[in-house]
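I have placed the structure first, in the form of structure tokens, so that the comments after it can refer back to it.
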Amino acid sequence: MIKVLIADDHYLIRNGLKSILENISDIEVVDEASNGKEAIIKSKFSSPDVIIMDINMPELNGIDASVAIIQNQPNTKILMLSINNESEFISESINAGAKGYLLKSAINEDIIKAIRTVANGYTYFHDQVDHIVVDEYIANLNGNKADQVNISKREQQVIKLIAEGFKNHEIGGKLNISSRTVETHRFNVMKKLNINSVAELIKYAIKNNICEI
């Protein structure tokens, strides 16, 4: 049985998803949340296999909530469900650890298939966004990055602001993300580049024209 938690600030969306899943024999909705903070708290008690996570929610957005949940419950799979198909949202979701991304226009069969797919450890992307994931991957490979390291657009933005001397909370304010997410991006970038200090990160940013001297 796949245990599912639904996190969305709209009651009609939560109720609609529960209606879709209530008669599926191998899926059980164990809890629901109306914002990111509530999703973090409830996931600790219900231990879901999959969380269907909206991105834009009050209190705490779905991306920041996903980062926190995965850090504490690494076996929980996040399936983003959003109206947004912009590459920035998709890239941020992947960097946060999401295993799938669905648009809210998805048909019932796609939602069920996506839940089963990510629950089994695979990734699932809606037909209307999978080409964006591929395009961004190719762009990263062809981009001006040392040793062809795959650095996302959001990670480049964070690197640039770090190199310009901004603190985590200031960067978060400029990019509309939390300080925790900024720190996660910085950690991921430094791990990818195999560097251990901000000074090395700044050198990388200058060398690769991410920021100017």
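Bear in mind that the values in this text are calculations on the coordinates, not laboratory data. Keep in mind that this is a model prediction, so the values were computed, not measured. No Cβ is skipped: glycine too gets one built from the backbone with ideal geometry, and neighbour counts run over all protein chains shown.
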With no solvent and one point on each alpha carbon, what is the Debye value of log10 I(q)/I(0) for region 1-78 at q = 0.24, 0.25 Å⁻¹?
-> -1.08, -1.15
Residue exposure sequence - Ser105, Ser178 - by fewest surrounding Cβ within 10 Å | Ser105, Ser178
Hey, with R₀ at 25 Å, roughly what FRET efficiency would His169 and Cys211 work out to, going by the Cβ-Cβ distance, to 0.05?
-> 0.80
Semi-axes a, b, c in Å (a largest) for the chain, each sqrt of 5 times a Cα gyration tensor eigenvalue, come to 33, 18, 14
Under 5 Å, built H, 5+ apart or other chain: amide partners of Tyr101 = Met80, Tyr124, Phe125, His126
Could you run the Karplus curve 6.51 cos²θ - 1.76 cosθ + 1.60 with θ = phi - 60° over region 36-51 and give me ³J(HN,Hα) per residue in whole Hz, x for Gly and Pro?
-> x, 5, 5, 4, 4, 5, 5, 5, 5, 8, 8, 6, x, 7, 9, 10
Most mobile of Met80, Met53, Met190 in a GNM of the chain (Cα contacts under 10 Å) | Met190
Name the residues whose placed amide hydrogens come within less than 5 Å of the amide hydrogen of Ile2, ignoring near sequence neighbours (fewer than 5 apart) on the same chain.
-> Ile27, Glu28
Within region 54-97, DSSP-loop GluC sites (Glu not before Pro) with at most 16 other C-beta atoms within 10 Å are Glu59, Glu86
Compute the FRET efficiency between Asn15 and Ser179 as 1/(1 + (r/R0)^6), taking r as their Cβ-Cβ distance and R0 = 45 Å, and round to the nearest 0.05.
-> 0.85
Rounded to 10°, Cα long-axis angle of helix 108-119 versus longest principal axis of the chain | 60
What order do you get for Leu103, Leu79, Leu12 when you list them from fewest to most C-beta neighbours inside 10 Å?
-> Leu12, Leu103, Leu79
